[in-house]
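Worksheet: the structure to be examined is printed underneath.
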Amino acid sequence: MDKPKPEENRRKPYIIACIPAYNEEKTIAKVILKARKYVDKVIVCDDGSTDMTAEIAEALGAEVIRHERNMGYGAAIGSLFEKAREENADIMITLDADGQHNPDDIPRLLKSIVNGEADIVIGSRFLTREADIPTYRKIGIKVINWIMRAKAKKTSDTQSGYRAYSKKALQLIKPAEMGMGVSTEILLKAEQNNLKIKEVPIRIFYNVGQPSTINPLTHALDVIFSTIKQLSIRHPLMFYGIPGIISLLVALGTGLMLIHLFNATRYFSLPLAIITVGFGMAGAILCSTAIMLWILVSLIREHT
């Protein structure tokens, strides 16, 4: 008897589509129905909706995780990650419930995961000439990409929520951010764990669903502050230490000028004294913060 080919021994991957949703009763049905064609199971996290989002999702056969109140996009993603681990999923796809993401792009995101080429695949809006992205979104994403440049050099769309995650990525990444900053948090944790990230082109449809209730400026600030927080925690010596040392050097320079001026003219310059004390205090605070955070982060890493 002929031995089975390696392809025949491969187990079909268990694929779950995970959809965070908040008051999306008008679009959730279409997203679920189209996604079911490409996955084994659909899970919806109803983030405190006040409409029929959860009921519609359940009626269409999706499993629904309910948040009693609206906790934020990041909280919904965190719940979906946890559920995917419980389900022992081989691949998790995340996509929005408002119809902006086309479920027909799912095979495109799955391909690199199935072939072992990547641990995370991101659907990027910037890899297609057909992208019709509102100007304010382009500016916001470019600012965030600039902040993330050191850790996401090859990522053109750090804020895309249309992603595929391998089992390895699901096990290593545990999102903690409650808001929109979860997208960059995941990328930073992926970099920390040496996960392979790949992007594929997708088309986003902005003229579907109800208008977002989140102010674009609030959204951008939430992501930017979250990203800065994540970077400061991971690299405290660089983030706080370098500005601290610069501040101490400025204080030293102005202090020497103050002393030289006083010795030469017996004139005590109050402005120089204020600058010296101010920069000296700021430098001391920043350097001590850098050292304490570095010790704390190192201890946590040793025990995880």
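The values are calculated or read from the model by the stated rules, or taken from the named source; none is laboratory data. Model, not experiment: these values are computed from the prediction. For neighbour counting, all protein chains shown are included, and Cβ atoms are generated from backbone atoms with ideal geometry for every residue, glycine included.
Of the residues making up region 111-140, those that are at pLDDT 80 or above and either in a helix (DSSP H, G or I) or more than 28 Å from Ile16 (Cα to Cα) (or both) are Lys111, Ser112, Ile113, Val114. When region 24-38 is limited to residues that are out of contact with any helix residue (DSSP H, G or I) (no Cβ under 6 Å at 6 or more places or on another chain) and of a type outside the set (A, V, I, L, M), the one that is surrounded by the fewest Cβ atoms within 10 Å (Cβ to Cβ) turns out to be Lys37. List every residue pair whose Cβ atoms sit under 8 Å apart, with the two residues 6 or more apart in sequence or on different chains, where the first one lies in region 160-174 and is assigned to a helix (DSSP H, G or I) and the second, anywhere, is β-branched (Val, Ile, Thr) and surrounded by 22 or more Cβ atoms within 10 Å (Cβ to Cβ). Final answer for the pair search is Lys167/Ile91; Ala169/Ile120.
Of all residues in region 66-110, those that are assigned to a helix (DSSP H, G or I), in contact (Cβ under 8 Å) with a residue 40 or more places away in the chain and more than 18 Å from the chain's Cα centre (by Cα) total 9.
Go through Ala290, Ala273 for me and flag whichever is out of contact with any Ser or Thr (no Cβ under 6 Å at 6 or more places or on another chain), free of Cβ contacts under 8 Å to residues at least 60 places away in the same chain, small (Gly, Ala, Ser) and under 16 Å from Gly241 (Cα atoms).
On the way: Ala273 fails: under 16 Å from Gly241 (Cα atoms).
Unique residue meeting the criteria: Ala290.
In region 141-153 there is no residue that is at pLDDT 95 or above and either more than 15 Å from the chain's Cα centre (by Cα) or outside any loop (DSSP other than H, G, I, E, B) (or both).
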